[in-house]
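Structure first, then comments.
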Amino acid sequence: MLGAVLAGGRSRRFGDDKLLFRIDGRPLILHAIERLESASLIREVVIVASADNAGKLGHLGYGVVVDELSVGPIGGVYTALGLGDAFVVAGDMPLIVPEFVDYIIREFGKNGKAVCVPRWDNGYLEPLHAAYSEEFRGFLGEKIKSRDYALNRAIRESNPCYVSIEALPEEWRGSFFNVNTREDLRRVRDLRGRRLER
């Protein structure tokens, strides 16, 4: 399956372009890419970038696809699915667990649903750590046309496969951790035992 790393955010809370902020000498987004790439069922990784970000990310050595819609994550997923079935994550998730990615992809394959998404017991979804079918793109296109940009709502309306997070190994939950602030970067340093660099 294709791995798609969304890189279209504006880093408002962070202040700078957080995806290029270095942890252990490498940009934050590379940590997400490399962990996703380590999943045995991911055959290739591409970056889905905004028009603003695309030029800054091309030097990382991965294909960059531009999300021309700029309507949030739903546009990024829509763009990724133009390349086929995809496992979609955010570029600010440096602690992705490859075994968890493989688990979701296997569930996706077994269930034959348009989406396979992790769900907490309280109903909260993790749509940027999920497997999507190429066929789901048409449904998303209709939502985008009608200016309904809520990705979670689109997923719920598609009769998805849900993966119960609480039923899985607790250490897998770190996979969802995303960096929004500089304090979050310090937490990554603590979790990985590595130093941060500007």
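The values are calculated or read from the model by the stated rules, or taken from the named source; none is laboratory data. These numbers come from a predicted model, not from an experiment. Cβ atoms come from the backbone with ideal geometry, glycine included; neighbour counts cover every protein chain shown.
Got a number for residues in the stretch 107-126 being in contact with a strand residue (DSSP E or B) (Cβ under 6 Å, 6 or more places away or on another chain) and of a type outside the set (Asp, Glu)?
Of the residues in the stretch 107-126, the ones in contact with a strand residue (DSSP E or B) (Cβ under 6 Å, 6 or more places away or on another chain) are 107-108, 111, 113, 115-119, 125-126.
The next check asks that each one be of a type outside the set (Asp, Glu); those that pass are 108, 111, 113, 115-119, 125.
Of the residues in that region, 9 qualify.
Has the stretch 49-61 got any residue that is surrounded by fewer than 22 Cβ atoms within 10 Å (Cβ to Cβ), modelled with pLDDT of 90 or more, touching a Phe, Trp or Tyr at 6+ places or on another chain (Cβ under 7 Å) and not small (Gly, Ala, Ser)?
Taking every residue of the stretch 49-61 in turn, none turns out to be surrounded by fewer than 22 Cβ atoms within 10 Å (Cβ to Cβ), modelled with pLDDT of 90 or more, touching a Phe, Trp or Tyr at 6+ places or on another chain (Cβ under 7 Å) and not small (Gly, Ala, Ser).
Scan (1) hydrophobic (A, V, I, L, M, F, W, C); (2) farther than 29 Å from GLU170 by Cβ; (3) out of contact with any helix residue (DSSP H, G or I) (no Cβ under 7 Å at 6 or more places or on another chain) for the single condition LEU60 breaks and write down its number.
Here LEU60 meets the rest and fails (3).
Can SER133 be described as within 17 Å of the chain's Cα centre (by Cα), small (Gly, Ala, Ser) and surrounded by 14 or more Cβ atoms within 10 Å (Cβ to Cβ)?
yes
Which of the residues that make up the stretch 136-157 are among the hydroxyl-bearing types (Ser, Thr, Tyr) and crowded, with 18+ Cβ neighbours inside 10 Å?
None - no residue of the stretch 136-157 is among the hydroxyl-bearing types (Ser, Thr, Tyr) and crowded, with 18+ Cβ neighbours inside 10 Å, so the list stays empty.
Scan the stretch 85-109 residue by residue and report those that are crowded, with 18+ Cβ neighbours inside 10 Å and assigned to a helix (DSSP H, G or I).
Scanning the stretch 85-109 gives PHE100, VAL101, TYR103, ILE104, ILE105, PHE108.
Count, please, the residues in the stretch 66-84 that happen to be touching a residue at least 24 places away in the same chain (Cβ under 8 Å) and either surrounded by fewer than 20 Cβ atoms within 10 Å (Cβ to Cβ) or under 11 Å from the mean Cα position of the chain (by Cα) (or both).
Qualifying residue count, the stretch 66-84: 11.
For TRP120, all conditions in the list (1) among the aromatic types (Phe, Trp, Tyr); (2) surrounded by fewer than 19 Cβ atoms within 10 Å (Cβ to Cβ); (3) touching a residue at least 24 places away in the same chain (Cβ under 8 Å); (4) over 16 Å from CYS161 (Cβ atoms) hold save one; what is the number of the exception?
(4)
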